[in-house]
Amino acid sequence: MSEEHILVTDGLSKDFLGFTAVDNVTLKVRTGDIHALIGPNGAGKTTVFNLLTKVHQPTRGTMTYDGRDITRAKPAQIARMGMVRSFQISAVFPHMTALENVRVSLQRELGTSFHFWRSEKSLRVLDERAMELLTMVGLERYAETEVHEMAYGRKRALEIATTLAQEPKLMLLDEPTQGMGREDVQRITELIREVAKSRTVLMVEHNLGVVSALCDRITVLQRGAILTEGTYEEVSSDPRVKEAYMGRAA
Amino acid sequence: MTTKLGYAVALVLLLIAPFFLYPVLLMKFLCFALFACAFNLILGFGGLLSFGHAAFFGGAAYITGHAIKVWGLPTELGLLAGAAAAGIMGLAAGMLAIRRQGIYFAMITLALAQMAYFLFISAPFTGGENGLQGVPRGTLLGMVDLQDNMAMYYFTLAIFLAAFWLIARTVHSPFGQVLRAIRDNEPRAVSLGYDVDRYKLQAFVLSATLAGLAGALKTVVFQLASLTDAHWHMSGEVVLMTLLGGVGTIAGPAVGAGIIVALQNLLASGPLSAWVPVVLGVIFVICVLSFRRGVIGELRAFIQKSF
Ligand SMILES: Nc1ncnc2c1ncn2[C@@H]1O[C@H](COP(=O)(O)OP(=O)(O)OP(=O)(O)O)[C@@H](O)[C@H]1O
Ligand SMILES: [Mg+2]
């Protein structure tokens, strides 16, 4: 079970109506690493996540997770295998409370999710764990708040708690700190460092401070293809990387 | 608190109602209230607009009529047979339709219901244009004669309350939580490992089964199953009742059914009798334009605002 690489993609490509959003990406994520996927806007980072979590079918290429070929797996199945993602645009359940958001994520393991004759009070055994998770992301005071009333940064934090509730083996985070104030960024950075001790993390992140503080390996995408890969020092001193970012800004 | 009080008052009213109002009319109301609440399970809580629920209502009505009249089954078993048949129809229709979203789901359910309707017109066991008439009400547990309207009323009420309880429980169950999550954000529910189609399918089958129970009960009350029960008008009427009372509220559809049945009854004998559909149409338009949340939905919002 202890594969060296928890996730391997081979020649992964995705075309949208003749436009290649992901181009021949061969990515290897080492078990236990915090691995960053960076690149300018529109580079194809989110599309890679969408391919991994089966939102889209790849046009070409294969994906192996935990030693198993997942190229043709179903989306919900991927999550049950332990690969769980967060979304770039916060994905919460807006008309449920923060506690219920986390609880519905914990609930699957009880095995009663099809039981329509059972009272929802039976879910209260999960409340303690749900509160723990909310506390980890600093939301304990908002447990009973309906999520659509919460500020954007807090929704992002909640989404991380909901993702963590799945106890993922591989956690995919799409710009987890985007839209957060500096204090929250600090907190989430620490949290990712903490939870990554027992799992692998693949994250898209624009905040290079966060990337340098956390990540063991970095893959740079540009126009759908891998530009380079390495440690933060290697990647940040690569002139092509600077150009890729500057080129966009100019 | 207010909700509990509301339910208590409603229960008392339902218990004493047959002493003041014509029991058959009340039973008609209970059947349609059950139909609308069952329908709301898939529209309000599953987020899917089915436009073919008359097929379940009417299909069960025929099966129950046939089972009691021709096979001679006792009334209780006849009702169960009707509901079970509707559940099986729901499973078949759901497997074809559940992957579709929005208007496509409505179209497929409508098409399937039309197919069922044409089947009922031509199949021998339905009695075609005449329907199945003279279905005996039978006895309850071989003891209580259901031909007596009072006995029949309380039997109907008991079934309605049990089914209503089951619907309320379903909404507030672990399953109901997952349904809420799916309705709130389906891609997120998928990414948390839920096979959303299977949850929707179960909601659809439950809804169809209970809609069937309503149709079955209607056959026993009126001793008649007819094409009207399976006509697409019926599918439209249940949408109207649900929206009028408050989609996604537990008691709303029952209130909506009450309003429609009362109006139909009042208007039927007056000078407007030929205009019933028009009057209902106007009410529907007013409702959609001015209080979108329905009677119960608006009431709930009002109570929340004032406390
Ligand atoms: N479903 C889709 N249909 C068509 N084109 C798409 C689709 N999804 C993404 N694209 C295109 O693919 C390219 C890559 O988009 P993607 O969202 O993966 O970029 P990204 O690297 O995540 O960018 P950002 O940093 O802005 O989030 C973009 O040009 C985008 O317009
Ligand atoms: Mg993106």
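The values are calculated or read from the model by the stated rules, or taken from the named source; none is laboratory data. What you see is a predicted model; the values in this text were computed from it and never measured. When we count neighbours, we look across all protein chains shown, and the Cβ atoms used for this are built from the backbone with ideal geometry, even at glycine. To get the accessible areas, we keep the full protein, side chains included, count just its heavy atoms, and leave off ligands, DNA and RNA. Shrake-Rupley method; radii C 1.70, N 1.55, O 1.52, S 1.80 Å.
Here are the numbers for this structure:
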read-out: Strands (runs of 3 or more DSSP E) fully within the range A:1-62 counting 1 or more residues that are over 25 Å from B:LEU192 (Cβ atoms) and touching a Leu at 6+ places or on another chain (Cβ under 6 Å); value: A:19-30
read-out: Test: residue in the range A:60-78 that is small (Gly, Ala, Ser) and within 15 Å of ligand 1 (Cβ to nearest atom); value: no
read-out: The range A:103-139, subset small (Gly, Ala, Ser) and within 16 Å of B:LEU179 (Cα to Cα), residue modelled with the highest pLDDT; value: A:SER105
read-out: Those residues of the range A:7-59 which are touching a Phe, Trp or Tyr at 6+ places or on another chain (Cβ under 7 Å) and either more than 10 Å from ligand 1 (Cβ to nearest atom) or not assigned by TED's automatic domain parsing to the domain that holds A:LYS74 (or both), in sequence order; value: A:LEU7
read-out: Residues within the range A:101-142 that are open to solvent by 10 Å² or more (accessible area, probe 1.4 Å) and more than 30 Å from B:PHE204 (Cα to Cα), tallied; value: 10
read-out: Single match in A:ASP184, A:ASP238 (criterion: in contact (Cβ under 8 Å) with a residue 40 or more places away in the chain, among the charged types (D, E, K, R), more than 16 Å from ligand 2 (Cβ to nearest atom) and not assigned by TED's automatic domain parsing to the domain that holds A:ASP127); value: A:ASP184
read-out: Selection from the range B:182-228 of residues that are surrounded by fewer than 24 Cβ atoms within 10 Å (Cβ to Cβ), more than 10 Å from chain A (Cβ to nearest Cβ) and either modelled with pLDDT under 90 or at positive phi (or both); value: B:GLN223, B:LEU224, B:SER226, B:LEU227, B:THR228
read-out: In the range A:82-96, the residues that are in contact with a strand residue (DSSP E or B) (Cβ under 6 Å, 6 or more places away or on another chain), more than 8 Å from chain B (Cβ to nearest Cβ) and open to solvent by less than 20 Å² (accessible area, probe 1.4 Å); value: A:MET83, A:SER86
read-out: Test for B:ARG198: is it assigned to a helix (DSSP H, G or I), of a type outside the set (A, V, I, L, M, F, W, C) and within 18 Å of A:GLN77 (Cα to Cα); value: yes
read-out: Cβ-Cβ under 6 Å pairs, at least 6 apart or on other chains, the range B:221-235 side farther than 16 Å from B:VAL135 by Cα, far side open to solvent by 50 Å² or more (accessible area, probe 1.4 Å); value: B:SER235/B:PHE51
read-out: Per-region count, the range B:70-91, residues part of a helix (DSSP H, G or I) and either in contact with a Phe, Trp or Tyr (Cβ under 8 Å, 6 or more places away or on another chain) or under 25 Å from B:MET115 (Cα atoms) (or both); value: 14
read-out: Residue, nearest to B:LEU14 (Cα to Cα), within the range B:129-153, restricted to residues that are without any contact (Cβ under 8 Å) to a residue 60 or more places away in the chain and not polar (S, T, N, Q); value: B:ALA151
read-out: Residue in the range A:94-109 that is of a type in the set (Gly, Ala, Ser) and under 24 Å from B:ASP197 (Cα atoms) present; value: yes
